[in-house]
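Take a look at the structure below.
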Amino acid sequence: MRKKVTLLVMALPLMASLLVVADESSALRAKLEEMATLKANFSQVVTDINNKEIQKGSGVFALAYPNKFYWHLTEPDESLIVADGTDVWIYNPFAEQVSVMDLNQAITASPIALLVHRDEETWAQYSVTSKGDCFDIQPKSVDAGVESVKVCFKDKTLTQMVLKDQQGNVSSFQLTDQTAITEAEMSLFKFILPEDVDIDDQRLNAVN
């Protein structure tokens with residue numbers, strides 16, 4: 001009997017920590033549910049593993065639940081990422097190339113997909129911790145392309161995202177002028193394939 005009691009006492013800290021993680025995940029999900037759509041301008045600063053600035057940029061960011069995402073970098077070089085609810089399109093105008101992958105592939109690759117994806121199976125792939133109004137999201141799989149993502153809020157406004165990749169590079173995004181998306185702006189999430197571009201179709205059901 002004493003042995004069982006001792007094991008129970010030893011397990012209590014672990015049980016408590018699991019409950020805290022669950023609460024933090026629920027808190028983040030509650031925040032996200034308050035902003036079913038958003039559109040904002042962003043400024044970007046990228047630093048390397050030695051904290052040396054290697055790039056600055058700016059553009060427009062938008063999302064809509066479920067599974068819609070828009071990322072348009074306008075400076076210094078243009079690039080576009082559009083998640084239309086099923087597929088993710090990545091367009092590089094300079095290279096005249098479009099890559100496309102299944103949404104589930106993108107979710108595996110980056111925790112930022114949690115911003116527009118809310119099913120239990122997907123959230124189970126990540127751990128969430130919080131500090132103040134910021135939440136750190138880390139994939140449980142070592143195969144993820146991003147090591148961690150931090151998202152910060154002020155009331156119901158998403159103000160900052162910080163992405164760290166496995167090479168130690170950190171991309172920090174400050175969001176401004178956030179608004180809800182109008183019905184007319186929902187066209188942002190429909191990718192129109194440009195003419196005369198190479199297509200790299202990485203979808204699992206693609207025909208090689």
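No value in this document is a laboratory result; all are computed from the given coordinates. Keep in mind it's a predicted model, so treat the numbers as computed, not measured. Note that we place each Cβ from the backbone using ideal geometry, even for glycine, and neighbour counts take in every protein chain shown.
Annotations
- Among 178-190, 74-86, the order from most to least packed when residues are scored by Cβ within 10 Å on average: 74-86, 178-190
- The stretch 159-208: radius of gyration and largest Cα-Cα distance (Dmax), Å: 17.1, 43
- The residues neighbouring F191, those whose beta-carbon lies less than 9 Å from its own, together hold a net charge of -1 under the Lys/Arg +1, Asp/Glu -1 convention.
- Sorting 129-135, 149-155 by their mean Cβ neighbour count within 10 Å, with the most densely packed peptide first, gives 149-155, 129-135.
- In nm, spacing of pseudo-spin labels at I49 and Q125 (7 Å Cα→C-beta vector): 2.6
- Under 17 Å from the Cα of K68 - aspartates and glutamates, other chains or at least 8 residues apart: E33, E34, D84, D87, D102, D119, E183, E185
- Prolate/oblate/rounded call for the stretch 26-79, Cα gyration tensor, a/c under 1.5 rounded: oblate
- Other residues within the sphere of radius under 13 Å centred on the Cβ of I81, judged by their own Cβ, net out at -2 (K and R +1, D and E -1).
- Using a Förster distance of 22 Å, the FRET efficiency for T179-D133 (Cβ separation, nearest 0.05): 0.65
- Cβ-based net charge around K56, under 12 Å, with every Lys or Arg adding one and every Asp or Glu removing one: -3
- Distance from the stretch 59-79 to the stretch 30-47 (C-alpha centre basis), Å: 10
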